[in-house]
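Reading through the structure tokens given below for one structure.
Every number in this text was worked out from the coordinates using simple rules, so none of it is lab data. Every value quoted in this text rests on a predicted model; they were computed, and no experiment measured them. Note that each Cβ is placed from the backbone with ideal geometry, even for glycine, and that neighbours are counted across all protein chains shown.
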Amino acid sequence: MKICVIGTGYVGLTTAVSFAMMGHDVIGIDIDQAKVARLQAGETGIYEPNLEDELQKMLALGNVSFSSSLEEGILASKAIFVCVGTPPQADGSADLSALHQVLAAIRETVEQTADKAQTARVIVIKSTVPVGTNDRIARLFADLPNLFIASNPEFLREGSALHDSLHPARIVLGTEEPQALAILEELYASIDCVRVKTTRANAEMIKYGSNAFLATKISFMNELARLSAALGADIREVAHGMGLDPRIGPYFLGAGLGYGGSCFPKDTSALTELGAQHGVQMPLLQQVQQINEQQPAWFVAQMKRHVPVLAGRRIALLGLSFKPKTDDLREAASLRLIPLLLQEGASVSAYDPLCNERVRQLFPDVQFADTPYQALAGADAGVLVTEWEQCVNLDFAQVRAGLKLPFLFDGRNAWNKQAITEAGLRYIGVGRS
Ligand code: UDX
């Protein structure tokens, strides 16, 4: 099927490449001409495992192309995917200006063409938008009878985005219009998973609810980790024991420095703001956000129980991106931790496989290293901030030889505690006895 994908960020590009891999004929549209040229040349400009390889393969096969011309994309396509950003505004609500610009351009393009009443097309909103937005869009387009609106939220995780797009746990199809549903069913025909066919509003709420619930699990475990640290329990064992209950499940029970990224912080604040706009207080979700924001400060307080005076000490941070296997720094715990340590009077050295240069622009006083060992050499203590494989699997005897004090603080509970202890170092995790 001929489709176009408007917006070629993490979600749009992954969507375009994954549909091309399913055999569809995809045009990716972006207003940024330099980006379009780069994508045409087979460069993603972002790090996402396998995405660049598959992009190049799909370009060579002719299954995907890129353009800045909305008209070209829209007129050729039966499905128009909108994947533009909906970043948070100052009050936490989602900024829909990019979405509205795209919708206005789609309307203009369709109106100016002779076939406006003939070709059935569906505008598929993948961008995360406040509940009710898709229905409002449908009302705006009600005068164009063959143009349908559907909500089809994405659930892909950065670091495994392509895999998640091709092997989703479910596909949510939010539309009650049979023609729109038929187009979407045909598009996703090769994917074997449950379809949730529902209303547009339900689809929007499923997306927010899923992210808010996952964020809640993490903050709950971080709160329990604080208590575990105070009482001498080990949160990893607690999580394991809890997760065996099928009603709880083993995932997203990992205590650490808190969640970051482009979705959880943005979607939890958009949801509480949506509640406020409709007179519904959401105290649970407010606490989830507050616990997350406080987690790096709580962690520094834990560090000070072992190194009471951080002033004059050098702390080595391993990993800077918000999670491993991505170069995304949005809402990364590292960006909260660095200023907290600098405020304490500590100096900071850091290593990340992909983010050193961009963090250097934000914090020019940090010393950046090419390897974890280089960051740790001569430091007083080390902190695991992001569980990159190259930061987790270390030779701890070599680490011990370079560190001035014997402390390793595990901000992700991912290091091998026994190996660290055997190397003569002190291991301090998040909520671990
Ligand atoms: C998330 C959702 O998982 C995805 O479905 C949605 O569409 C977009 O948002 P992503 O932000 O890419 O995906 O990463 P995810 O793997 O969910 O991790 C988010 C954050 O939570 C990371 O900072 C991670 O370190 C943290 N996390 C995750 C924990 O602190 N503990 C856990 O147990 C799991």
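If the Kirkwood radius is taken over C-alpha pairs of region 337-401, then at 4 °C and 1.567 mPa s the Stokes-Einstein diffusion coefficient equals 105 µm²/s. Across every direction, the projection of the convex hull enclosing the Cα atoms of region 306-433 has a mean area of 7.0 nm². Springs between Cα atoms under 10 Å define the GNM used for the chain, and in it the highest mean-square fluctuation of Met221, Met282, Met21 occurs at Met282.
In terms of its alpha-carbon gyration tensor, region 1-126 comes out oblate; a/c meets the 1.5 threshold, while b/c is at least as large as a/b.
Leu162: net charge of surrounding residues, Cβ under 9 Å, Lys/Arg +1, Asp/Glu -1, itself excluded? Charge balance in the 9 Å sphere: -3. Of Gly256, Gly42, Gly85, the residue with the greatest mean-square motion in the GNM of the chain, using alpha carbon springs below 10 Å, is Gly42. If you look at the Cα atoms of region 239-395, you get an Rg and a Dmax of 17.3, 55 Å. Computed per residue of the chain from DSSP H runs no shorter than four, each worth -39500 (n - 2.57), the mean residue ellipticity at 222 nm is -13500 deg cm²/dmol. Kindly identify region 215-324 as rounded, prolate or oblate by the Cα gyration tensor criterion: order the square roots of the eigenvalues as a ≥ b ≥ c, call it rounded if a/c is under 1.5, otherwise compare a/b with b/c, prolate if a/b is larger, else oblate. Note, shape of region 215-324 comes out oblate. Computed from the Kirkwood radius of its Cα pairs, the Stokes-Einstein diffusion coefficient for the chain at 37 °C and 0.692 mPa s stands at 141 µm²/s.
The C-alpha atoms of the chain define a longest principal axis, and helix 178-187 lies at about 60 degrees to it. Summing charges over neighbours of Met303, with a neighbour being any other residue whose Cβ is under 12 Å away from its Cβ, gives +1 when K and R count +1 and D and E count -1.
Go ahead and run the numbers for FRET between Gln418 and Glu43, Cβ-Cβ distance against an R0 of 41 Å, rounding to 0.05. FRET efficiency, Gln418 to Glu43: 0.45. Taken along its principal axes, the alpha carbon cloud of region 51-193 reaches lengths of 42, 40, 30 Å, longest axis first. When a/c reaches 1.5 or more, the comparison of a/b and b/c decides; with that in mind, is region 212-255 rounded, prolate or oblate per its Cα gyration tensor? Oblate is the answer for region 212-255, as a/c is 1.5 or above yet b/c matches or exceeds a/b. Overall dimensions of region 167-263, expressed as equivalent-ellipsoid semi-axes from the Cα gyration tensor (√(5λ), whole Å, largest first), are 37, 14, 10. Other residues lying with their Cβ under 13 Å from the Cβ of Asp267 contribute a combined charge of -1, Lys and Arg counting +1, Asp and Glu -1. Its Cα gyration tensor gives region 110-215 an equivalent ellipsoid; the semi-axes, largest first and in whole Å, are 26, 16, 12. Extension gain, Val280 to Asn356, is 23.2 nm, computed as 0.36 nm per intervening residue step minus the present C-alpha separation.
Taking Gly174, Gly279, Gly232 in turn, the Gaussian network model of the chain (Cα-Cα springs below 10 Å) assigns the largest fluctuation to Gly279.
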